[in-house]
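The values are calculated or read from the model by the stated rules, or taken from the named source; none is laboratory data. In this text, all values refer to a predicted model and were calculated from it rather than measured experimentally. Heads up, the Cβs are rebuilt from the backbone with ideal geometry, glycines too, and the neighbour counts pull from every protein chain shown.
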Amino acid sequence: MVAATRDGTVGKALSVLDQVAAFGRPVRFTELLAQSPFPKPTLYRFVQTLTNQQMLSYDPDRQTYAPGIRLVRLAHAAWEQSTLAPVARPHIDALSKAVGETVHLAQLDHAQVLYVDKRNAGKPVQMYSQAGKVGPAYCTGVGKVMLAFSDPAIVDLVIEQQSFHAFTPHTLTSAAALREELADIRAQGYGFDREEHEPGIICVAMPILSEAGRVLGALSVTSTTGRTNLAGLEAYVPILQDTARNIAIDAQNWSFPDHDTKETTGI
């Protein structure tokens, strides 16, 4: 909420959008008010403005609010223009087909991991991660490998914002333990999720790095302890490395068409 206050009205309105989305279902105004830092008239004004702008939708029969259709359009544009997903699509398709396991593509979203694409295994396993969902950076394979190769200032900031909640007996629950793990990942170039976020779910993860070493995102091959083990997943490291390298090359070479340049600049 500090950032929302600093960014004025726009930041406050966006925080209301975040609050609505966080419920994961249509929500009544009274529910929003119970969790909101804003007084009732202020919250009502934000909700009405967001509804008028189609950022929220209102169901008069149920008297509930949900993310609006305009957000769907914006989300689609963001997915196409601001994530690795369109560039990486053919590469993760090929990777998933080759390994026969679930493949995730993720990017860092401040202190969290944003899953931007996913390919299911031939026999899918129910798990938390889905494209568009966010997860904790400290206990996911993709989160840890991105942190391991991030600028130290970013790492410090992200670690400060982690809850270190113990999702399972294997979850890293301190900054010191996480920093030790990140050092190991930097040394070997890849990392694991050892049932740290969900019981029975394991993965091997690889960072996607630019030529300059900047973190663009991360890939993982995910399975279950009933299907394989960490040694089995580690066998996929070479193909993960190749896939991450190819995605990075395509991402750096990719650019928007400039056929409208003359129209937009008047040249």
Next on the checklist: Consider region 37-75. How many of its residues are surrounded by fewer than 18 Cβ atoms within 10 Å (Cβ to Cβ), without any contact (Cβ under 8 Å) to a residue 40 or more places away in the chain and part of a helix (DSSP H, G or I)?
Outcome noted: 14
Next on the checklist: Go through (1) at pLDDT 90 or above; (2) under 20 Å from the mean Cα position of the chain (by Cα) for residue 79 and report which single condition fails.
Outcome noted: (1)
Next on the checklist: in a loop (DSSP other than H, G, I, E, B) and out of contact with any Asp or Glu (no Cβ under 8 Å at 6 or more places or on another chain): which single residue out of 212, 218 fits that description?
Outcome noted: 212
Checklist entry - Could you count how many residues in region 84-111 are buried (at least 19 other Cβ atoms within 10 Å of the Cβ), at pLDDT below 90 and more than 16 Å from residue 243 (Cβ to Cβ)? => result 1
Checklist outcome for this item: The residue that is nearest to residue 138 (Cα to Cα), considering only those in region 157-187 that are assigned to a loop (DSSP other than H, G, I, E, B) and touching a residue at least 40 places away in the same chain (Cβ under 8 Å), is 162
Checklist entry - Of the residues that make up region 6-15, is at least one assigned to a helix (DSSP H, G or I), hydroxyl-bearing (Ser, Thr, Tyr), within 30 Å of residue 247 (Cβ to Cβ) and at pLDDT below 90? => result no
Checklist entry - Going through region 147-186 one residue at a time, which ones are under 15 Å from residue 113 (Cβ atoms) and of a type in the set (S, T, N, Q)? => result 150, 161, 162, 163, 171
Next on the checklist: For region 155-183, which positions are loosely packed, with under 14 Cβ neighbours inside 10 Å and either more than 27 Å from residue 245 (Cβ to Cβ) or charged (D, E, K, R) (or both)?
Outcome noted: 156, 157, 160, 161, 163, 165, 166, 169, 174, 176, 177, 180
Next on the checklist: I need every pair where a residue in region 192-204 that is assigned by TED's automatic domain parsing to the domain that holds residue 141 and of a type in the set (Phe, Trp, Tyr) has its Cβ under 6 Å from the Cβ of a residue that is buried (at least 23 other Cβ atoms within 10 Å of the Cβ) and outside any strand (DSSP E or B), sequence separation at least 6 or different chains.
Outcome noted: 192/141
Checklist outcome for this item: Counting only residues that are assigned to a helix (DSSP H, G or I), surrounded by 19 or more Cβ atoms within 10 Å (Cβ to Cβ) and out of contact with any His (no Cβ under 7 Å at 6 or more places or on another chain), region 133-154 contains a total of 7
